[in-house]
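Worksheet for the structure shown next.
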Amino acid sequence: MPGIFGKILLVEEEAIVKKRLRGYLQSSGYSVLEANHGSEALDILNEQTPDIIITDAYLSSMSSIEFCRRVREKPLTAVIPFVLLMEDDDEEHALMRLKVGADDYIPKSVSAEELIIRIQAKIKRFQTLRELVHVDSFTQLYNRSYFDKTLADLLKMSDRYQHDVSLSILDIDYFKEFNDTYGHQIGDFVIKSVAQFIRQKLREVDIIARYGGDEFVVIMPETSKGSAEKAMTRIQADLAATTFHCAKVPQQLQISISVGIANYPGDASNDYELIHKADQALYAIKNHKSKALWPHFKHNQ
């Protein structure tokens, strides 16, 4: 089944080379994203995050050095393994490109076996490192430290390229009542269920992290406040229409979330202020809901 081992971005202008390498990769279970040049590859990276980038070292419209530099300066792609496809007799240029940020080089005449062996280790190391450093072990979302660094980096990118960044802070409605009524094990189930539900509804380029307790944060790069509000409203509606079954309770649980949204640079001038504005928006919504009773009787019997 294609794509079960990881996602690879292949940037290659020569159709014959691209077809051959694509065949090697897909037959080994990898999903392959294809681009003909660097700018097209950067567009793909704005929407999707591959596990490795394999690119021709001799790109014509954008040099591989410039492409590598652009990949490395974006916080979401900076640590993705970057491998160059080189002519067999061009070791001098290969070493030069390694100095500017590429992780390895592979000859264009590479066999299927060698290609797969060389990229497997890099992908596995990248995935393991990402999980160890950036992932909250309880929810499998990004953790708070990754969120803090990524938000700061994305706001710098926003200043440079004049792109909006929207931030949403979400938390689970009446979470204390869930814990008090059903117990903390069910509360844990609710947190994990909501975490996975929201992640599946977001774009791949969006960053969702556990902010603490039953609170989550979502960074939406290059997204206006209006677009973020539409996306979050859709997620809230989808969640409200979904029931969750936990073997420890007989009821089908219905869960809702509240969302506070702020935009950079429209609502804030720095990351601290952006978080504060989104938190204020969430607080206003939660304060209004707290005046209503928990819809405890809403769950399906």
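The values are calculated or read from the model by the stated rules, or taken from the named source; none is laboratory data. Remember, predicted model here, so these are calculated numbers, not experimental data. FYI the Cβ positions are ideal-geometry reconstructions off the backbone, even for glycines, and counts take in every protein chain you see.
Sort out which residues of segment 131-142 are surrounded by 16 or more Cβ atoms within 10 Å (Cβ to Cβ) and outside any strand (DSSP E or B), and write them in order of number.
H134, D136, T139, L141
Only one of the numbered conditions (1) more than 22 Å from V17 (Cα to Cα); (2) modelled with pLDDT of 85 or more; (3) in a helix (DSSP H, G or I) is violated by Q120, and that is (1).
So that you can scan it fast, the table gives a plain yes or no per residue for (1) buried (at least 22 other Cβ atoms within 10 Å of the Cβ); (2) within 14 Å of I106 (Cβ to Cβ); (3) among the acidic types (D, E):
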position	(1), (2), (3)
Y24	no, yes, no
S28	no, no, no
A41	yes, no, no
I44	no, no, no
L76	no, no, no
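Would you be able to say whether some residue in segment 143-152 is in a loop (DSSP other than H, G, I, E, B) and touching a residue at least 24 places away in the same chain (Cβ under 8 Å)? Yes - at least one qualifying residue is present in segment 143-152. Residue check: H134 meets all listed conditions (1) closer than 26 Å to D271 by Cβ; (2) modelled with pLDDT of 90 or more; (3) in contact with a helix residue (DSSP H, G or I) (Cβ under 6 Å, 6 or more places away or on another chain); (4) not aromatic (F, W, Y) but one, namely (2).
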